[in-house]
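The values are calculated or read from the model by the stated rules, or taken from the named source; none is laboratory data. Note that this is a predicted model, so its numbers are computed, not measured. All Cβ positions, even for glycine, are placed from backbone atoms using ideal geometry, and neighbour counts span all protein chains on display.
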C-alpha cells in the first residue's frame, strides 16, 4: 500500500532507457540497469514510478505516425533533427499488452519491479480502456469487443471507420477510438464499452497486468462511463452496470490491493471515484493555477478532505506543456510546491526536476538535449526532501484564513495552510498572484499553541530566516506574511519557550 499523499514519478520509458544506454554505453534492458539508477530513484523520496509506454506499440500505428503531416510538424518543433527511426508510434495505440522487447520483455519488467520494491517503491503502468491499436488482435479474435462498421460507413466516413489491416480480421471494418470533442485517433480501434465481451476481455487483460505491477493509470477513463459512451456513440440502451464498477470490481476480487488511477476531465472526478477509482487527475486545479484567479484556486481547496486526498495534483505530465514553458520558473516552483504540500497524490514528470522546456510528442523515442536548470534542480531537491517528512503523510491539514493589515493591504492572493503531527507543525504561505505582491496576516487559530509562551518560525528553504512570536501575539494577530508575486514560505513551527 502507498502512504497517504504519495509522490508519483512518471517516466517516458523509451526515451529514459535510451539515455541510460548512452550514459552507460551498454545495450541495457530494464533488467540490466545498475543499482545506481534505482538508488537515484529512491533518492527522490518517491512512493511509486509510472513507466509510461511499456507495452508493445502498433506496427501499423507507427507507420501512421510517420506520415501524418500535423504530427510531423509537431515532431520537428520538439526535435528539429528528427529521423524516421526516432518516430516509434504512440504508446496509447497498444498492439498487445505485452512488455515491449525493446525493454527486455516481461521478465525484465519483473526484475525492475523487484528492485523498486527493495527500495519501497511501487510500480504503476498504463492501461488504455477506450481503444486498442488498429492492428490489435481483438480485431481478429474478439471483434465483438470493438465497435464494428459496414463498408458503406467506412466509405462515407473514412476518418471515423477503417478496414482492419490484420489478414485474420477477414475484411472487417471498425470504428476508430475517439473523444467526442476531437477528431478520431486514426491509429486506434474503439472498444465497445457496452459489449459483454469487451468487459470480459478488459477484465482478463487487467488481471494479467495486475500480476506485473501495483496499479494502473487508466487513460481517458471518463470515456467509458455509460452516459458518456452512450452520447458519444448514440447508444441509448444503457447496460445495467457501469463499465468501471464491473471491471474494477472483477479485478479487486482477485487483486484486492491493486490501485486504479483515472485520467479524467469534464468535472467527472467524483463520478469516477464513486465507480471504484482510488485516485483521479485534478486537472481543474492545474487549469486554475495556469489561467484563473487566486480566489478560484482557494475555492477549489475548500472541498472536503476525503475528496482532496484522492486527487492527483500536477503541474506537468506527458500530455501537458512543460511547467517551465507554461508557468515559467517562478510560478512553476510555487505551483509545484502547492501541489506537493496539499492532500492527495502528487505527480511529477521525468525532466521536470531538471527544468526541461520541450514537450515531447509521445510518438518520439528521442528528445533534444537541454541543459540542466540548476536553480530548478536545487529547488526540487529541497522540495522532495521536505515533503518526505511524515507530517505531510500522517499529519492533519488545515486551510487557514488571512486578514488585511490594519492600514489595509493586498491580502486577497494569499493562501495559507498548516500541517500538524503531534508537536510538529508546518505553515505554508503562498502568493497566488502572478504580478502583484501580497501582504496580510495569517490566522493560525490553533488552541494547542497555548502550550508554550512563544513560538519559533524557521524557513525550511532558508534556515537563516528565523523569528519568534509570543503566543498571545500569535493567537490574536496571527503571522505577518509579505510575499512577492508567486512567492512562498514554508515554516517549521517549534516551541521557543515553555
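Some values worked out for this structure:
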item	result
Considering residues of region 315-336 that are under 15 Å from the mean Cα position of the chain (by Cα) and not in a helix (DSSP H, G or I) only, the residue surrounded by the most Cβ atoms within 10 Å (Cβ to Cβ)	315
Restricting region 477-498 to residues that are assigned to a loop (DSSP other than H, G, I, E, B) and within 20 Å of residue 439 (Cα to Cα), the residue that is modelled with the lowest pLDDT	478
Meets criteria (within 30 Å of residue 80 (Cβ to Cβ), assigned by TED's automatic domain parsing to the domain that holds residue 45, in a helix (DSSP H, G or I) and under 24 Å from the mean Cα position of the chain (by Cα)) for residue 379	yes
Condition broken by residue 149, with the remaining ones in (1) without any contact (Cβ under 8 Å) to a residue 12 or more places away in the chain; (2) in contact with a strand residue (DSSP E or B) (Cβ under 6 Å, 6 or more places away or on another chain) satisfied	(1)
Matching residues, region 242-258, being out of contact with any helix residue (DSSP H, G or I) (no Cβ under 6 Å at 6 or more places or on another chain), in contact (Cβ under 8 Å) with a residue 12 or more places away in the chain and either assigned to a helix (DSSP H, G or I) or more than 12 Å from residue 211 (Cα to Cα) (or both)	244, 245, 248, 249, 252
Residues of region 141-162 satisfying the condition of being under 22 Å from residue 198 (Cβ atoms) and surrounded by fewer than 12 Cβ atoms within 10 Å (Cβ to Cβ)	150
Hey, residue 267 loosely packed, with under 15 Cβ neighbours inside 10 Å, within 22 Å of the chain's Cα centre (by Cα), part of a loop (DSSP other than H, G, I, E, B) and in contact (Cβ under 8 Å) with a residue 40 or more places away in the chain or not	no
Unique residue being under 15 Å from residue 131 (Cα atoms) and part of a loop (DSSP other than H, G, I, E, B) when the list is 193, 303	193
When residues of region 394-428 are limited to those that are part of a loop (DSSP other than H, G, I, E, B) and touching a helix residue (DSSP H, G or I) at 6+ places or on another chain (Cβ under 7 Å), the one surrounded by the most Cβ atoms within 10 Å (Cβ to Cβ)	413
Single condition residue 385 does not satisfy, out of (1) in contact (Cβ under 8 Å) with a residue 40 or more places away in the chain; (2) surrounded by fewer than 19 Cβ atoms within 10 Å (Cβ to Cβ); (3) over 20 Å from residue 348 (Cα atoms)	(3)
Test for residue 221: is it assigned by TED's automatic domain parsing to the domain that holds residue 60, crowded, with 23+ Cβ neighbours inside 10 Å and within 19 Å of residue 280 (Cα to Cα)	yes
Residue in region 165-185 that is farthest from the chain's Cα centre (by Cα), counting only those that are surrounded by 18 or more Cβ atoms within 10 Å (Cβ to Cβ) and within 27 Å of residue 244 (Cα to Cα)	173
From 85, 98, 110, residue being assigned to a strand (DSSP E or B) and surrounded by fewer than 21 Cβ atoms within 10 Å (Cβ to Cβ)	98
Subset of region 234-259 [within 25 Å of residue 176 (Cα to Cα) and buried (at least 17 other Cβ atoms within 10 Å of the Cβ)]	242, 243, 244, 246, 247, 248
Residue 46 surrounded by 21 or more Cβ atoms within 10 Å (Cβ to Cβ) and within 30 Å of residue 388 (Cβ to Cβ)	yes
Any chance residue 125 is closer than 23 Å to residue 349 by Cα, in contact with a strand residue (DSSP E or B) (Cβ under 8 Å, 6 or more places away or on another chain), assigned to a strand (DSSP E or B) and assigned by TED's automatic domain parsing to the domain that holds residue 55	yes
Cβ pairs under 8 Å, 6+ apart, first in region 355-368 and under 17 Å from residue 326 (Cβ atoms) and not assigned by TED's automatic domain parsing to the domain that holds residue 61, second modelled with pLDDT under 95 and part of a loop (DSSP other than H, G, I, E, B)	none
Residues (under 29 Å from the mean Cα position of the chain (by Cα), closer than 19 Å to residue 299 by Cα and touching a residue at least 60 places away in the same chain (Cβ under 8 Å)) located in region 394-416	397, 399, 413, 414, 415, 416
Residue within region 432-454 that is crowded, with 20+ Cβ neighbours inside 10 Å, in contact (Cβ under 8 Å) with a residue 60 or more places away in the chain and closer than 26 Å to residue 336 by Cα present	yes
Criterion violated by residue 73 - all others in (1) part of a helix (DSSP H, G or I); (2) without any contact (Cβ under 8 Å) to a residue 60 or more places away in the chain; (3) within 23 Å of the chain's Cα centre (by Cα) satisfied	(3)
Unique residue being in contact with a strand residue (DSSP E or B) (Cβ under 9 Å, 6 or more places away or on another chain) and buried (at least 22 other Cβ atoms within 10 Å of the Cβ) when the list is 363, 308	363
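Results for (1) outside the structural domain of residue 128 (by TED's automatic domain parsing); (2) in contact (Cβ under 8 Å) with a residue 40 or more places away in the chain; (3) over 16 Å from the mean Cα position of the chain (by Cα), shown as yes or no for each residue.
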position: 16; (1), (2), (3): no, yes, yes
position: 27; (1), (2), (3): no, no, yes
position: 39; (1), (2), (3): no, yes, yes
position: 52; (1), (2), (3): no, yes, no
position: 58; (1), (2), (3): no, yes, yes
position: 67; (1), (2), (3): no, no, yes
